[in-house]
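**Student:** Okay, handing you the structure first.
What follows is calculated from the coordinates using simple rules that are stated; it is not laboratory data. For clarity, every value in this text was computed on a predicted model and none was experimentally measured. Positions of Cβ are generated from backbone atoms using ideal geometry, with glycine treated the same way; all protein chains shown enter the neighbour counts.
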Amino acid sequence: MLEKILLLLSLSLSVAEGLCKPGVGEAYKVRFSIKTALGDQAYPWNKNEMFLFRAALAFAMRDFTNGEEFGVSDIHPCNETQRVSFWFVVTRPKTMDLVDKGTVEMAIKKSRNRINGAFLLTDKTLEFDGIYPTLAAPVSPDTPPWLIVFGVVMGAVSVGIIALLVYPLVQRKLKKNMDADDEDSDEETGVKTAENGANDGIYNSTFSDDERFTQM
Amino acid sequence: MRLVLPNPGLDLRIPRHEDLERMEKQEAADRPKWDNKAQYILTCVGFCIGLGNVWRFPYLCQSHGGGAFLIPYLILLVLEGMPLLLLEIAIGQRLRKGSVGVWRAISPYLTGVGIGSMLVSFMVALYYNTLIAWIMWYFFNSFQDPLPWTNCPLNENRTGFIPECQQSSTVDYYFYRVTLNASNSIADSGGLQWPIIICLLAAWTVVCICCIRGISTSGKAVYITAILPYIVLAIFLIRGLTLKGALSGIKFLFTPDVEELMNPTTWLDAGAQVFYAFGLAWGGLISFSSYNPVHNNCVQDSVILSVVTGLTSVYAATVTYSIIGFRATEKYDTCINENIRTLLNGFELPEDSITASNYNAALHHLNSSNPDTVFGLDIKTCDMQKLLSEGVEGTGLAFIVFTEAITKMPGSPAWSVLFFIMLLCLGLSTLFGNIEGVVVPLKDFNLFPQKWPHEILTGATCFVSFIICLLFAQPSGIYWLTLFDNFAGSVPLLTIGLFEMIAVVYIYGIDRFNEDIKFMVGRKPSIFWQITWRFISPLIVLVILVFYLVTQAQKQLNYLVWDINSETFPALTSIPYPSWIYAVIFLLAGVPSLVVPMYALCRLIFVSRCC
């Protein structure tokens, strides 16, 4: 009895090892960059972390296939390197059939965030070779902000132009009302002649023409 | 006996010294004047300090031997810039007219000089304000976090970015595609870009309101536009110096290479830069100086202006290169980290085995043991020198290099807003001088009825310019702008500057000019000014002009385009201009230069025939 169990176990192990061949078939390569992501707080890679990975992937398969009872033993890693990268294949529970690449890919894509979260990593530091992360669409507000600033600037400038054009007209009106009393203007000329003394009156430059010659 | 060409009737055309004294006492209200001396100095400083100080001078400095470039720059500043500056300021202050009025008063045959100045000012104003429009677009878009040029837009199935953006860079894509929608060639004009149109509208409206009453409005605006850039540069200097890699940029800028001084192009570029930086021959300085009181010390003003311009150029260059150094260091670090990642992944080594410090040794070791694998990994060489010298001139500096550097700084929207406000102020203050150089000659020509107030004249000029500027709102707009920049703002200015010097020294008469300055300032100008006015400055300008024409005539006219389908993408491709461009170039460069002799000739023929 014991021998039969041992035989079955070793058979399954050898089959599994035979299943996981890097680069061929339904195998995927995964790469961890823990030190890049966490720096000083990086955890060391060991068998426990590998167990977590297999568990997370089994969860992803279960979630995608809606309940098919994948277990930790259905995820078979191989060729682990010091880089912390390895290949893995997924087999169906109970049978030893390999799950095809497409299904694995879609399962991983669906639960990518959960897998990343389990390891405190991101899409860039936990890479699956060949599975491209779906990028988040940038947030675009309803009114582009530049239109708002443009509106503010143009509004201010238009108000300024109108103010500049209207202001002298208003001033002229006020002056007309004030010019009703002639005493002020008489006093001014009186003062001016007293100052000029020797000169006869104010030199009116309108009468000295700048262009003596007829122009072309 | 000095060499002076016969100029009959000069005394009748210009006010005598006694007239000037009388006008000064009476304070004739028909001519505008400055509220105070500070306004005048700030306006002139703002006019001289423009976008070229930020994005042309630092590039010239670095590419022509770093710190050693300051030697030809300062020498030519003193020998070429300062004398011409004093010439324009003094003649404006003496004859109390705009550029056309001044030259017409000296001799009616010389009115062509004024017309040329006006045409050049007008054409430069057109493309300069388009630059302002682009700066405004970036300014409007800086009020969001993250900045829109930080990330590429996603493609349809959201797995990656748009290929055009992926292959070039986010800032390149934002500038050439989102902002300009650049076409493949100058002939390819498909429709108008409406974001550019409304930014042009904003730009021309702002210019209009600032210049609407001449110097009574622009004189107030310069308090902000002339002072703010200095404050922002100081803020950027402090920020820049605290960033990693800033000092490598400054070192790169100022490392002297004395051998460059032997190269004649260094001296030519220095001379040309001094000439353009001072805003000479545009007519704006003459106009501004004509509003000065008669006894204003113009000699002192020209020295102050030269010193301020020179110092500001060096100051702006330091700030620019500290930011460039930061960006280059960031890119270099990213490049090295990428390579380290590729090596680690390719050789399956543990993460910390290769760091930035042992990268070179590790690469060498791996290359010697497994050269084929290393070759297959396609490691890119990270060249710090190349990163420091890429795209650091012209629009490339502001819209590509600087915007990229800003995205890497914490608090990017604030820095972006500050940077583009600074560029706006720099550009606007130069534009005030330009508009002055266009509107005042139009007034002098009496083309419009005298009753029309200054406001309507400025408004009409701005409106017409806006309509013509729609040429730059096309997808091929950037190529038209480069064309204008290269041809409208180069040869005509040198020609007109040369004619100005000849006119004042040999037609107006250097003796008379000396007497005028003695009357205005109290002292006859020293021997330095005499020698530079009579021989050195005209000679320098003539040499630069001749060399420029010779080099331009020899090479085939090419221009750079943004072409997705070309092999050199993402670098710009160089293609030749279509043949009809030569007609446009003649219009831009030839007409303002030739209007001087043509006008004199026409007047000679027609007036002498009829009278």
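**Student:** How would B:LEU470, A:LEU169 line up from fewest to most surrounding beta-carbon atoms within 10 angstrom? List each step's numbers first, then the result.
**Tutor:** On the way: B:LEU470 15, A:LEU169 8.
Taking fewest neighbouring Cβ atoms as first place, the list is A:LEU169, B:LEU470.
**Student:** At a 10 angstrom cut-off on C-beta neighbours, averaged per residue, how do the peptides B:447-454, B:156-163 rank from highest to lowest?
**Tutor:** B:156-163, B:447-454
**Student:** Let me ask something additional. Neighbouring Cβ atoms within 10 Å as the yardstick, rank A:MET96, A:MET178 fewest first. List each step's numbers first, then the result.
**Tutor:** Values: A:MET96 15, A:MET178 8.
Least to most surrounded, the residues fall as A:MET178, A:MET96.
**Student:** Distance check, please: which entries in B:LYS33/B:LYS524; A:LYS35/B:LYS386; A:LYS21/A:LYS110; B:LYS37/B:LYS220; A:LYS35/B:LYS408 exceed 19 angstrom between their Cα atoms? If you can, show how the numbers build up before the last one.
**Tutor:** On the way: B:LYS33/B:LYS524 25 Å; A:LYS35/B:LYS386 31 Å; A:LYS21/A:LYS110 25 Å; B:LYS37/B:LYS220 13 Å; A:LYS35/B:LYS408 23 Å.
Pairs exceeding 19 Å: B:LYS33/B:LYS524; A:LYS35/B:LYS386; A:LYS21/A:LYS110; A:LYS35/B:LYS408.
**Student:** Next question, about the same structure. Compare the peptides B:137-150, B:544-557, B:521-534, B:297-310 by average per-residue count of other Cβ atoms within 10 angstrom and give them in order, highest first. Please report the intermediate quantities before stating the final value.
**Tutor:** On the way: B:137-150: 20.6, B:544-557: 12.9, B:521-534: 15.3, B:297-310: 18.7.
In decreasing order of mean packing, B:137-150, B:544-557, B:521-534, B:297-310 become B:137-150, B:297-310, B:521-534, B:544-557.
**Student:** Would you mind giving the mean number of other chain beta-carbons within 10 Å of the Cβ of each residue in B:350-356, as a whole number? Present the calculation step by step, with values, prior to reporting the outcome.
**Tutor:** On the way: counts 6, 11, 3, 2, 0, 0, 0.
Counting Cβ atoms of other protein chains within 10 Å of each residue's Cβ and averaging gives 3.
**Student:** Now, a different point. With θ set to phi - 60°, apply the Karplus curve 6.51 cos²θ - 1.76 cosθ + 1.60 along segment B:307-323 and write out the HN-Hα couplings as whole Hz, x wherever there is a Gly or Pro.
**Tutor:** 4, 4, 4, x, 5, 5, 4, 5, 4, 5, 5, 4, 4, 4, 6, 5, 5
**Student:** Mind checking the mean number of beta-carbon atoms from other chains within 10 Å of the Cβ atoms in A:144-152? Write down the numbers at each step before the final one.
**Tutor:** Numbers: counts 5, 8, 13, 3, 3, 9, 10, 1, 2.
Per residue, the average neighbour count from other chains is 6.
**Student:** Kindly provide the helix-only [θ] at 222 nm of the protein assembly as shown, computed as the sum of -39,500 (n - 2.57) over DSSP H runs of four or more divided by all residues, to the nearest 500 deg cm²/dmol?
**Tutor:** Numbers: 38 runs with 497 residues, N = 827.
Counting only the DSSP helices, I get -19000 deg cm²/dmol.
**Student:** Relative contact order for segment B:409-528: what is it in percent, counting Cα pairs under 8 Å that are at least 6 residues apart?
**Tutor:** 8 percent
**Student:** Give the distance, in whole Å, between the Cα centre of segment B:284-334 and the Cα centre of segment B:192-220.
**Tutor:** Result: 23 Å between the Cα centres.
**Student:** Would you kindly work out the equivalent ellipsoid of chain B from its C-alpha gyration tensor and give its semi-axes, the square roots of five times the eigenvalues, largest first in whole Å?
**Tutor:** So the three semi-axes of chain B are 48, 26, 23 Å.
**Student:** Can you pull the Rg over Rh of the protein assembly as shown, Cα-only, Kirkwood? Walk me through the numbers before you get to the answer.
**Tutor:** Details: Rg = 35.3 Å, Rh = 31.5 Å.
Dividing the radius of gyration by the Kirkwood radius yields 1.12.
**Student:** For Cα pairs less than 8 Å apart in space and 6+ apart in sequence, what is the mean separation divided by the residue count of segment A:16-128, i.e. the relative contact order in percent? Write out the running numbers ahead of the final one.
**Tutor:** Values: 158 pairs, mean separation 42.1, N = 113.
Result for segment A:16-128 is 37 percent.
**Student:** Can you tally the net charge around B:GLY283? Count Lys and Arg as +1, Asp and Glu as -1, for every other residue whose Cβ sits under 12 Å from the Cβ of B:GLY283. Spell out each step's value before the answer.
**Tutor:** Details: positive: B:LYS97; negative: B:GLU88, B:GLU436, B:ASP444, B:GLU500.
Every neighbour counted, the sum reads -3.
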